[in-house]
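Remarks on the structure that follows.
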Amino acid sequence: MHRPPGHRTQSEIDEQTTLGAAYVRSLMRSQLRAGLTAFGVLALTAATLPLFFGALGRPVVVWTVLGFGCYPVLVLIAWWYVRRAERNERDFARLVQGAESSPASDGAASASDAAPASDGTEGR
Amino acid sequence: MHQSYAIPAVAAVVLATVLIGGFGLRISRTTSDFYVASRTVGPSLNAAAISGEYLSAASFLGIAGLLLLHGPDMLWYPVGYTAGYLVLLIFVAAPLRRSGAYTLPDFAEGRLESRQVRRLVSVFVVGAGWLYLVPQLQGAGLTLEILTGAPRWLGGTLVAAVVVLAVAAGGMRSITFVQAFQYWLKLTALLVPALFLVLAWQGDGRPHAEFDEPAGLRQQQSVRVTEPVDIRLNAPLAVTLTGAVDGRAYDDARVTLAEGTHRIDGGTRLTFPEGSQVPAAEPSSSASRPLATSRADHPLYATYGLIVATFLGTMGLPHVVVRFYTSPNGRTARRTTVVVLALIGAFYLLPPLYGALGRLYAPELTLTGHADAAVLLLPERVIGGLGGDLLGALVAGGAFAAFLSTASGLTMAVAGVLSQDVLPSRGVRHFRLATVLATLVPLAGALLVTGVPVADAVGMAFAVSASSFCPLLVLGIWWRRLTPPGAVAGLLLGGGSATVAVGLTVGGAVGSGWPHTLLAWPAVWSVPIGFLAMVLGSLATPGSVPPHTSATMTRLHLPESLTVRQTATAAEGERK
Amino acid sequence: MTVAILLALCPLLLAGGFLLGRRTAHPLGRSDVGTPVERATFETLHTASLAAPPLRAGLTEDTARKAAGRLRSLLGTDALCLTNRSAVLAWDGAGEQHGQQVLKALGVLLDTGRSAAFDCACGDLDCPQRWAVAAPIVVDQRVLGALVAYAPRESAVLARATDEVARWVSVQLELAELDRSRTRVIEAEIKALRAQISPHFVFNSLAAIASFVRTDPERARELLLEFADFTRYSFRRHGDFTTLADELHSIDQYLALVRARFGDRLAVTLQIAPEVLPVTLPFLCLQPLVENAVKHGLEGAVTRSRITIGARDAGADAEVVIEDNGVGMDPERLRRILRGECDPSAGIGLSNVDDRLRQVFGDGYGLVIETGVGAGMKITVRIPKYRAGVHSSPTGPPDRP
């Protein structure tokens, strides 16, 4: 019950099972893939735009693109990423819950009851 | 500029800040309803608070000033400030919240389980915070000078004093409602005058600015040049002069300057007739515009330097990180960041408007070194009369709100780190001492170092943040093999080299050419160095991987739905 | 050109990073290796430190066996034995046959607690152990056993050393005893604290709920659900930490049950800064304080008891204040309660919470209580927003329920 500060809680020691780590790694990989995709789009755009502007040499285009056009794009990328990341987490939760509650039938019932409630905000 | 309305507006903002600081607690929720009391801060409210704290003087005044001076390439600043939040969302937001860290040193200690790394990160947090505070105080000085003619040190000192009072009195900074209000205040202070300005522009026959040509004056305009400047004339120009040009003194003399380059001494007053072209200021070797010079040398490199610094630097700004703690969980933190993106994006539609109108209506500001004042001067210049004065007062109040909210957020964050990790013991008194220290150093910096444009100075803070905190956060969250020695190596080489580069630039050690450009825009090379050093340092010390890495990673990435549901099923089990 | 310079710089920087990483990972050791005396001291201290852990678990056959070897090299003798009051626990070194007679020689020592020396020649002429010195092991003024060192001949140095080592062993055992009793006390306290929730409170709550069953069945049902939630939170078995939001929620349920009994006599005002709701704190460390405030408030003659619960942001800390206008307490009595010297019924909640906060966050984070007889009570708790190792989410492994 009482541990000096700096020591880990029991639950965290439990977390270090190899199977648990493998599950978490797979979640991290899927999240990182989503992140890198979004970042790739952003980086590619940001890297080519200055060259493009330089080649074009028309200030009006720079004003329009940077002054107005890019913000909706940024928000769109962000929105796509959040949707994707939350879907990854939902899939992961379903995967883990399916794995844990299949042996106990009553547990499975309560888990499947809970799932739609928390997913309700998404609306698929 | 007429002072009769601007000063009351500024005074009102300052007074409100002090009052909220002193009586901050009173406006937090008082209720006997637990449901209301324990309702956490929602994404939209928290996002407005983050935006309110984030939109600084650099955003409010600096961007329009830079646009006026250097043209549309400067639009990368607001784009970078916004895109930085996208990168933060993608790699950092949710895991950082789940780590439970309140500050960056907290995150470093929790992830790497090392007090040494914590201490080093603290040093960088304080450094980046100070670097970011300097332009806030400078901007305040400039604003007050434009509004009242007060000496430049006064505004910075005033803001510093108000911030110390408000923060040390124990309120202000963390009250989400107040910071959220600040966002809407700043938006209004730019939006309303902007609407009138656009209407006036419409009524004026919608003149177009030609950005690749020198701007033409729309009326007779006199300009006082504060610092020596070289101008290049493509055609002879007739002006009325009081002061010294090319070493010859004039007193209210009408002179026609020949084609070619002329040197105008500080303190000279030039009066241009209507319709004449405002001459372009030559990139001079004077220390007053180091970054402008380097930009003129290598504009493309400077643009990339700016992009890297702002895109990757936002995630490490101390006052931004602290705000994410208010989000109840990682999922909310993510959604909050999307709203922040939208709010900040909406705000950044306005400064370019001021920049563009400034090129039309106040082109002479490029000569005076007061380009940052464009936003403040435009309402009076374009609209004029009582309406112009009132709108000018609104802008001035908004500008001061920008200084105060960002400065107090930063001071709070820096003082927190100082009192926790640097000063010996803890307690309220020490926190006050830390607050004073957190403000005094950048105030001294602001008084000593002048002439760096506000937005440029902020860009430097971003560069340091991008080369130290970005590798730490991204690798810390996504790479299991990060070790404390590796993190130290990355922080020292990446962040250290960026800091040295900024120091050399501000100190004016390197005059011009590529070396100067590289030092003025360090992010392009210092960020890769930071990442590489961190990765290689970690790979070289595989034995030092923190023992609880696996558990920490689980906590950072496991979705809340899972942890909450597990608690629920556990409780379910207990009930049976 | 510049690109070339940059490319040339890269390997240098990489090498720099590599070296820096290496250096920080393996800081250089002391170049000065010390004098022989210093080295001997270090060795002695090291041996002592090796012997300490087994002894900290108490004096049993197992721990004695583990410690005996270390103690013998500490003393530098050929043989050594550790006994309790009735048997030899461990023998280290040559001449184990001496062990059978040693208890006889220790009779006086065990009674008086004074060191003794005796000749111990045995039948074996080759046996080198001819003289022994015994020193008592004393814990709490009781002689637990003896440390006996053997030597070929009489030695004053060994006698003195044995005395000192026995005293050191005693201290270790005393610490072990202290450790055990402290753990016992804390366990008992936590049990008492959780139990304290039950008897009185459970009975009263259920009685209050029962009184509504006929008159207002809907309210009774709601209260029963609150009661179930509250007890579930209080008795949850996993995780030492919770968030301020969850703790407040549990306090709300507790107060709902109290109000069911006392109705309008209790008024609660909350002033919670939403910024501090995610703060992590030890599980059940505010609820006892509120319970305390309720008790004091309702004990007094005041017709209307008023409790204020405030939580505000204080930089890197959060500050929680619980205030009541009840009977208050004599500060001296409060001091004794916090030292744990008072009857446990009076305020075990307070001292327990104080202990736990200090244990988790350090001594700077104990309760600050302002009170006086008839002056109400104001309890201030400071909680750091982040502390390494303190995490609220009771995250179980994803692969296990």
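Checking B:Trp514, B:Trp525 one by one, the residue that is modelled with pLDDT under 85, among the aromatic types (Phe, Trp, Tyr) and farther than 30 Å from C:Asp229 by Cα is B:Trp514 and no other.
Residue under question is B:Leu142, and the condition is that it be more than 24 Å from B:Gly313 (Cα to Cα) and part of a helix (DSSP H, G or I); does it hold? Yes. Once segment B:307-330 is narrowed to residues that are among the aromatic types (Phe, Trp, Tyr) and in contact with a helix residue (DSSP H, G or I) (Cβ under 6 Å, 6 or more places away or on another chain), the residue that is nearest to B:Thr499 (Cα to Cα) is B:Phe311.
Residue-wise test of (1) at pLDDT 90 or above; (2) more than 9 Å from chain B (Cβ to nearest Cβ); (3) out of contact with any Cys (no Cβ under 9 Å at 6 or more places or on another chain).
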site: A:Gln16; (1), (2), (3): no, no, yes
site: A:Gly20; (1), (2), (3): no, no, yes
site: A:Gln31; (1), (2), (3): yes, no, yes
site: A:Ala34; (1), (2), (3): yes, no, yes
site: A:Ala38; (1), (2), (3): yes, no, yes
site: A:Thr45; (1), (2), (3): yes, yes, no
site: A:Thr48; (1), (2), (3): yes, yes, yes
site: A:Phe53; (1), (2), (3): no, no, yes
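Residues in segment C:72-115 that are aliphatic (A, V, I, L, M) and surrounded by fewer than 13 Cβ atoms within 10 Å (Cβ to Cβ) were compared, and the one that is nearest to C:Leu55 (Cα to Cα) is C:Ala87. Counting only helices (runs of 4 or more DSSP H) that fall entirely inside segment B:60-112 and contain at least 1 residues that are assigned by TED's automatic domain parsing to the domain that holds B:Leu343, touching a Lys or Arg at 6+ places or on another chain (Cβ under 6 Å) and within 20 Å of A:Leu32 (Cβ to Cβ), the qualifying elements are B:93-98. In this structure, does B:Val126 turn out to be surrounded by fewer than 24 Cβ atoms within 10 Å (Cβ to Cβ), part of a helix (DSSP H, G or I) and of a type in the set (Val, Ile, Thr)? It is true that B:Val126 is surrounded by fewer than 24 Cβ atoms within 10 Å (Cβ to Cβ), part of a helix (DSSP H, G or I) and of a type in the set (Val, Ile, Thr).
Scanning segment C:220-255 for residues that are aromatic (Phe, Trp, Tyr) and at the interface with chain B (Cβ under 8 Å from one of its Cβ atoms) yields one hit, C:Phe235.
Checked against (1) more than 13 Å from chain C (Cβ to nearest Cβ); (2) crowded, with 23+ Cβ neighbours inside 10 Å; (3) over 20 Å from the mean Cα position of the chain (by Cα); (4) more than 30 Å from A:Leu76 (Cβ to Cβ), B:Ala140 passes all but a single condition, namely (3).
If you go through segment C:256-284 and pick out every residue that is over 25 Å from C:Ala314 (Cβ atoms) and at the interface with another protein chain (Cβ under 8 Å from one of its Cβ atoms), you end up with 1. Of the strands (runs of 3 or more DSSP E) that lie entirely inside segment C:207-286, those containing 3 or more residues that are within 24 Å of C:Val360 (Cβ to Cβ) span C:241-243, C:280-282. Surrounded by 24 or more Cβ atoms within 10 Å (Cβ to Cβ), at pLDDT 90 or above and of a type outside the set (S, T, N, Q), is that true of B:Gly156? Spelling it out, it is not the case that B:Gly156 is surrounded by 24 or more Cβ atoms within 10 Å (Cβ to Cβ), at pLDDT 90 or above and of a type outside the set (S, T, N, Q). Looking at C:Ala301, is it more than 30 Å from B:Thr552 (Cα to Cα) and at pLDDT below 80? So C:Ala301 fits the description; yes. Inspection of segment B:336-347 identifies no residue that is in contact with a Ser or Thr (Cβ under 8 Å, 6 or more places away or on another chain) and over 27 Å from A:Val65 (Cα atoms). Exactly one of these conditions fails for C:Ala207: (1) modelled with pLDDT of 80 or more; (2) of a type in the set (Gly, Ala, Ser); (3) surrounded by fewer than 16 Cβ atoms within 10 Å (Cβ to Cβ). Give me its number. Among (1) modelled with pLDDT of 80 or more; (2) of a type in the set (Gly, Ala, Ser); (3) surrounded by fewer than 16 Cβ atoms within 10 Å (Cβ to Cβ), the lone unmet condition for C:Ala207 is (1).
Annotation: of all residues in segment C:291-307 being crowded, with 19+ Cβ neighbours inside 10 Å and touching a strand residue (DSSP E or B) at 6+ places or on another chain (Cβ under 6 Å), the one that is nearest to C:Arg358 (Cα to Cα) is C:Ala293. Annotation note: of C:Arg259, C:Arg265, the sole residue that is touching a residue at least 24 places away in the same chain (Cβ under 8 Å), surrounded by fewer than 19 Cβ atoms within 10 Å (Cβ to Cβ) and over 33 Å from the mean Cα position of the chain (by Cα) is C:Arg265.
Conditions tested, residue by residue: (1) touching a Ser or Thr at 6+ places or on another chain (Cβ under 6 Å); (2) surrounded by fewer than 24 Cβ atoms within 10 Å (Cβ to Cβ); (3) among the hydroxyl-bearing types (Ser, Thr, Tyr).
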position: B:Ser44; (1), (2), (3): no, yes, yes
position: B:Gly52; (1), (2), (3): yes, no, no
position: B:Ser56; (1), (2), (3): yes, no, yes
position: B:Ser59; (1), (2), (3): no, no, yes
position: B:Ala64; (1), (2), (3): no, no, no
position: B:Leu68; (1), (2), (3): no, no, no
position: B:Gly71; (1), (2), (3): no, yes, no
position: B:Tyr77; (1), (2), (3): no, no, yes
position: B:Ala83; (1), (2), (3): no, no, no
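Just one residue in the set B:Ser467, B:Ser526, B:Ser497 is free of Cβ contacts under 8 Å to residues at least 40 places away in the same chain, within 14 Å of another protein chain (Cβ to nearest Cβ), in contact with a Ser or Thr (Cβ under 9 Å, 6 or more places away or on another chain) and of a type in the set (Gly, Ala, Ser); that residue is B:Ser497.
The values are calculated or read from the model by the stated rules, or taken from the named source; none is laboratory data. Here the structure is a predicted model, which is why all the values come from computation and not from measurement. Glycine also receives a Cβ, built like all others from the backbone with ideal geometry; neighbour counts cover every protein chain displayed.
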